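Comments concern the structure below.
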Amino acid sequence: MQELSVLIVDDEAPARARLRELLGDVAGETPTRVVGEAENGLAALDLLEHESPDVVFVDIRMPKMGGIELAQHLAHLPQPPALIFTTAYDAYAVQAFEVNAVDYLLKPVRAARLASALGKARALRPPPATLLQSLQPSLQPDGRRHLSCHERGRLLLIPIDAVLYLKADLKYVTARTKEREYLLDESLTHLEHEFAQRFIRLHRSVLVAKEAILGFERNGPEEADAHWLALVRDVPERLPVSRRQWPVVKSYARQLST
Amino acid sequence: MASIKQNPAGHRLPDFRNLGVMLRLLLGVNLLALAAALVQVTHLAAWPERYIDLAVWVEPLLLCSLLLLAVLRDLLWRLPYRLAAATVIALVALQAALLHDFWRFMGFAEGGWAAVARAALLAAGCAGAMLAYFHLRAGALSPALAEARLQALTARIRPHFLFNSLNAVLSLIRAEPRRAEHALEELADLFRALMRDHRDLVPLADEIALCRQYLDLEKLRLGDRLHVEWAIDDLPGEMRVPPLMLQPLLENAVYHGIEPSAAPGTVRIRFARRGDELTVELSNPVCPEGAHVAGNRMALANIRERLALYYDLEARLEAREENGTYIVHMVLPCRN
């Protein structure tokens with residue numbers, strides 16, 4: 001049987017060591033080669049720049065970037081690796097995995113269970129986005145910390161703190177940071193929902209980071225067609241505020257000034 | 001008196017030395033006096049004045065009774081409830097009679113058997129009413145109920161911790177069997193403590209040892225990410241505290257302050273004795289990334305309720321955030 005390359009992602013060193021040991025134990029049945037270990041999702045994505053393992057074992061609770069967010073970014077890769085979640089105890093997540101036929105291992109992991117997971121690994125498909133989104137409230141209450149963008153074969157991470165505004169054009173959503181724009185493969189509605197704390201809707205097609213708003217200016221003649229433009233820090237663009245959203249935006253701006 | 005079962009079984013006479021009980025008595029008797037004043041006056045405007053007149057009689061008697069009952073508490077607890085209650089009522093009535101006679105002697109009141117008997121009867125009625133109140137209250141929080149409540153509240157360790165620890169121990173077995181043995185022994189001790197009868201107070205030294213074992217296990221899996229600093233000066237190790245009051249707070253500190261952060265963090269535990277109060281202060285870094293505030297509040301509310309069951313109003317638990325540090329401050333009355 002062909003050797004499977006494996007990446008282990010867990011914040012606890014003993015847990016990584018244990019999984020490595022067990023992979024050694026089942027090597028007779030399913031030969032594997034550990035191509036790397038990472039202590040959180042961010043470090044794993046770094047590793048994935050150079051390695052393309054067949055299987056990634058992902059712990060759910062980790063600092064910096066947890067397993068659910070990592071899975072969300074991995075889904076954007078052209079050839080995502082098979083993902084197997086490992087968790088000590090997340091009753092809700094485990095139930096969701098069962099329902100969606102996503103593979104998972106409960107720590108402490110049993111060798112037999114590991115072997116069967118590896119056996120199925122090649123056939124595994126990435127966990128559905130809807131499942132990961134539904135796990136968000138309990139496991140990632142603040143939403144993701146990064147957006148991901150797939151560009152020329154690479155996965156780019158954009159820290160959510162750096163995004164000044166999000167704009168929907170025809171098919172794509174673009175995220176604007178101080179430096180440049182990124183094309184995202186996500187819907188504005190979903191982004192608005194996930195990051196409700198951080199962004200406010202100005203227009204049917206624009207979300208702006210609340211902390212990036214500098215002020216508003218009136219545009220056009222005084223009469224019927226007048227509307228407002230939002231000024232955003234670090235970028236020259238002015239973003240239109242729709243008449244429908246203006247009351248909401250205005251009351252938010254009032255809150256700020258008081 | 002080593003536990004919530006402090007009173008002999010079925011005994012519902014309150015702990016007259018407890019601050020909460022005293023406060024309830026003071027308020028209760030004064031409420032009765034207010035009601036009595038309302039009954040006596042014909043115009044509402046005269047009510048406060050009448051109450052003050054009454055208070056002159058009531059307060060000295062009330063304070064004397066509180067003192068006497070606090071002194072006699074242990075003796076009273078040895079009697080069966082009915083007898084003890086009758087004794088309390090008789091004592092209060094006797095005090096009222098003596099006090100009334102003293103007022104007569106000082107020239108503030110008229111003498112005569114009728115007046116003395118009236119004072120004694122009123123005082124006895126008042127004492128009876130308060131005893132009945134405590135009897136009902138104890139029924140509502142009856143030992144059985146309170147104990148069941150305590151058992152339910154006594155923090156269960158997070159399953160997350162158990163399984164991760166077992167996993168860490170498994171990872172040690174081949175490479176470092178001795179360390180694995182030691183870790184399993186600590187895990188066993190920890191669970192023995194968790195499954196013990198939680199009603200009894202335990203020596204503070206035991207509780208501290210338990211916390212150290214718990215933190216050792218956490219260090220096993222978190223490695224250098226967890227630092228612990230203890231500050232314990234001259235604590236009476238034989239002092240008794242409710243079991244598993246500290247460990248859940250430490251578990252919170254690790255779960256909310258250390259685990260969600262990639263950078264190492266320090267958990268500090270400081271004990272200080274001030275007069276007859278023991279102060280425990282726990283601090284951990286606030287992790288901006290980890291936001292399970294709700295879970296933490298629930299754990300704190302849980303411990304607060306347990307403290308109330310053990311100490312009524314004499315214990316406090318406060319939590320605050322200060323310059324990126326989360327601090328839990330607990331004050332317990334010292335009891336040996």
TODO: For B:A120, indicate whether it is at pLDDT 80 or above and either over 30 Å from the mean Cα position of the chain (by Cα) or part of a loop (DSSP other than H, G, I, E, B) (or both).
DONE: yes
- [ ] Could you check, for the range B:308-317, whether at least one of its residues is under 25 Å from B:A205 (Cβ atoms), outside any loop (DSSP other than H, G, I, E, B), away from every other protein chain (no Cβ under 14 Å) and hydroxyl-bearing (S, T, Y)?
- [x] yes
Open item on the list: Regarding the range A:120-142, can at least one residue be identified that is buried (at least 16 other Cβ atoms within 10 Å of the Cβ), away from every other protein chain (no Cβ under 12 Å) and modelled with pLDDT of 90 or more?
Closed with: no
Task: Those residues of the range A:95-112 which are within 14 Å of chain B (Cβ to nearest Cβ) and surrounded by 15 or more Cβ atoms within 10 Å (Cβ to Cβ), in sequence order - done: A:Y104, A:L105, A:L106, A:K107, A:P108, A:V109
- [ ] Mind listing whichever residues of the range A:2-36 are within 14 Å of chain B (Cβ to nearest Cβ), more than 25 Å from the chain's Cα centre (by Cα) and either surrounded by fewer than 18 Cβ atoms within 10 Å (Cβ to Cβ) or among the β-branched types (V, I, T) (or both)?
- [x] A:R20, A:E21, A:G24, A:D25
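Assess whether B:L235 counts as being surrounded by fewer than 21 Cβ atoms within 10 Å (Cβ to Cβ), within 13 Å of B:E207 (Cα to Cα) and of a type in the set (A, V, I, L, M). Explain how you work it out, then say what you get.
Numbers: surrounded by fewer than 21 Cβ atoms within 10 Å (Cβ to Cβ): yes; within 13 Å of B:E207 (Cα to Cα): yes; of a type in the set (A, V, I, L, M): yes.
When the stated conditions are applied, B:L235 passes them.
Yes/no matrix, rows are residues, columns are (1) closer than 30 Å to A:R16 by Cα; (2) of a type in the set (S, T, Y); (3) out of contact with any helix residue (DSSP H, G or I) (no Cβ under 6 Å at 6 or more places or on another chain):
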site	(1), (2), (3)
B:L172	yes, no, no
B:A175	yes, no, yes
B:A180	yes, no, no
B:A183	yes, no, no
B:D197	no, no, yes
B:L201	no, no, yes
B:D206	no, no, yes
Open item on the list: Return the residues of the range A:42-60 that are under 22 Å from A:A91 (Cβ atoms) and within 14 Å of chain B (Cβ to nearest Cβ); say none if nothing qualifies.
Closed with: A:F57, A:D59, A:I60
Open item on the list: Could you check the range B:262-284 and list, in sequence order, the residues that are surrounded by fewer than 19 Cβ atoms within 10 Å (Cβ to Cβ) and within 14 Å of chain A (Cβ to nearest Cβ)?
Closed with: B:A262, B:A263, B:P264
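Any residue in the range B:242-265 that is hydroxyl-bearing (S, T, Y), at pLDDT below 90 and not in a loop (DSSP other than H, G, I, E, B)?
Yes, there is a match, as at least one residue in the range B:242-265 is hydroxyl-bearing (S, T, Y), at pLDDT below 90 and not in a loop (DSSP other than H, G, I, E, B).
If you go through the range A:61-75, how many residues are touching a Leu at 6+ places or on another chain (Cβ under 6 Å) and more than 10 Å from chain B (Cβ to nearest Cβ)?
So the count comes out to 3.
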TODO: Of the numbered conditions (1) in a loop (DSSP other than H, G, I, E, B); (2) in contact (Cβ under 8 Å) with a residue 12 or more places away in the chain, A:R201 fails exactly one; give the number of that condition.
DONE: (1)
Open item on the list: Pull out all pairs, ordered by first then second residue, where Cβ-Cβ is under 8 Å, the residues are six or more apart or on different chains, the first lies in the range B:221-242 and is within 14 Å of chain A (Cβ to nearest Cβ), and the second is of a type in the set (S, T, Y).
Closed with: B:R221/B:S165; B:R225/B:S261
Open item on the list: Out of the helices (runs of 4 or more DSSP H) lying entirely within the range A:38-108, which hold 1 or more residues that are without any contact (Cβ under 8 Å) to a residue 12 or more places away in the chain?
Closed with: A:41-48, A:91-100
Open item on the list: Looking at the structure I just gave you, is A:T86 at negative phi, β-branched (V, I, T) and within 11 Å of chain B (Cβ to nearest Cβ)?
Closed with: yes
Task: Members of the range B:157-178 that are in contact (Cβ under 8 Å) with a residue 12 or more places away in the chain and over 17 Å from A:A91 (Cα atoms) - done: B:S165, B:L166, B:N167, B:A168, B:V169, B:L172
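The values are calculated or read from the model by the stated rules, or taken from the named source; none is laboratory data. Every value quoted in this text rests on a predicted model; they were computed, and no experiment measured them. Cβ: placed from backbone, ideal geometry, glycine included. Neighbour counts: every protein chain shown.
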